[in-house]
1. Could I have the simple spin-label model distance between residue 29 and residue 75, label points 7 Å from Cα toward Cβ, reported in nm to one decimal?
2. What's the ranking of 236-245, 37-46 by average number of surrounding C-beta atoms within 10 Å, highest first?
3. Could you put 100, 249 in order, starting from the residue whose Cβ has the fewest other Cβ atoms within 10 Å?
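Any read-out appearing in this document is the output of simple, stated calculations on the displayed coordinates, not a laboratory observation. Source: prediction; values computed, not measured. Ideal geometry is used to build each Cβ from the backbone, glycine not excepted, and the neighbour counts take in all protein chains shown.
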């Protein structure tokens, strides 16, 4: 379960004062090892290419159409998710006011890739009761950690526009082709809050540590505590480009079979 929680959180970094397409390359270090990732943003569309445990995955998100497409290069299959419909189903059972978001500047700065980056401490807290687990008990989930933000990074405006559209649309998704329904509460509410936090930074997180803590009573909480410390992922930007991105980067390639989810 820790791996699934961590994979759902691996997510996102990019940014620019002038209007431009944005490509961000990152290295993610966490429970699943070192994971290279490339993120493309063009308007309200995003494509994430990653390799997790030797398996290449591609995720395309259209925040305007409220749609996510998961591409599997190995099987040449495209799975299409209706994020709007899934979000509405979650809203019927989730309590948005339950989510608490704190993002505080520490006053510390450091240089990353030649840019001054300010440190913020991000904490997203909410309660969740694991489904289909007898007597699981409610758990308090806290997602966050320090992040170093470059306010003058290229691509900032486009980064903000995409993540603001995603958060305001109530969308949830995770890189690597996972749709988010596997961890109700963690993915849906935690991810939406994190998207808004990204948009509110007014820059790009050039480095971010994401730790997932779970506290509470019941067998599920005890099991998670018994597996060592909380899973932590460090996401580090290695390169950013504002070169134009072709439109077909956000389309299903020819020859792929299609399946609606």
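1. 3.4
2. Highest mean packing first, the order is 37-46, 236-245.
3. Listed from fewest to most nearby Cβ atoms, that is 100, 249.
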